[in-house]
1. Would you tally the residues in the stretch 88-118 being touching a Pro at 6+ places or on another chain (Cβ under 9 Å) and in contact (Cβ under 8 Å) with a residue 24 or more places away in the chain?
2. Only one residue in Ala84, Ala90, Ala130 is at pLDDT 85 or above and closer than 16 Å to Lys73 by Cα. Which one?
3. Give all pairs with beta carbons closer than 9 Å in which a residue from the stretch 34-57 that is of a type in the set (Lys, Arg) meets a residue that is crowded, with 16+ Cβ neighbours inside 10 Å and in a loop (DSSP other than H, G, I, E, B); count only pairs at least 6 apart in sequence or on separate chains.
Amino acid sequence: MSKRLPNPRLAKIHRNYTIEETAKLFVVHKNTVGNWIKQGLPVCGKKRPFLIMGRDLQVFLEAKRVKNKKSCKADEIYCVRCRAPKKPAADLIEYRVITDTLGNLVAICPDCASIMNRRISLAKLKQNSAFMSITQPLAGLHITACVNPSVNCDFKIGAESHAQTSS
Ligand SMILES: [Zn+2]
């Protein structure tokens with residue numbers, strides 16, 4: 001559904017681009033660039049031709065990418081192999097504790113059977129009815145109020161793989 005996002009590195013930091021040049025550079029429609037501006041991409045000047053700084057383009061598109069990665073729905077986990085959010089079977093999800101307030105959901109992708117990971121705060125997990133079945137054993141755990149709500153669906157392969165990293 002979501003198209004591949006343009007590569008932010010195509011923009012040269014020390015260059016300015018008009019909307020037309022930006023569209024050409026990223027092979028998108030001029031209207032798409034217009035949408036980016038509406039979404040907060042900064043432009044220089046109040047009159048046409050607007051100039052967009054390469055640095056702003058990089059920052060904006062990079063942020064957009066990050067946002068896109070986190071677009072799993074409440075009951076989905078990102079499958080790195082399928083490159084898409086997948087809805088795992090509820091009984092094939094496991095919650096692995098990282099800290100008192102944060103853990104990893106580990107599940108099997110229904111399509112390619114590879115392991116999927118989703119970083120999730122305990123508070124969020126408890127709010128999430130999609131994962132209700134696995135929240136029950138956690139009912140007795142203490143929850144603090146200061147969990148970071150932006151930590152959501154971070155699909156880095158879990159913390160447990162750190163141990164195997166060779167230097
Ligand atoms: Zn998959």
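1. From the stretch 88-118, those touching a Pro at 6+ places or on another chain (Cβ under 9 Å) are 88-89, 92, 95, 105, 107-110, 116; that's our starting set.
Next, only the ones that are in contact (Cβ under 8 Å) with a residue 24 or more places away in the chain stay: 88, 95, 105, 107, 109-110, 116.
Here the count works out to 7.
2. Values: Ala90 fails: at pLDDT 85 or above; Ala130 fails: at pLDDT 85 or above.
Matching residue, one of Ala84, Ala90, Ala130: Ala84.
3. Arg55/Ala11
The values are calculated or read from the model by the stated rules, or taken from the named source; none is laboratory data. The model shown is predicted, which means the values in this text are computed figures rather than measured ones. All Cβ positions, even for glycine, are placed from backbone atoms using ideal geometry, and neighbour counts span all protein chains on display.
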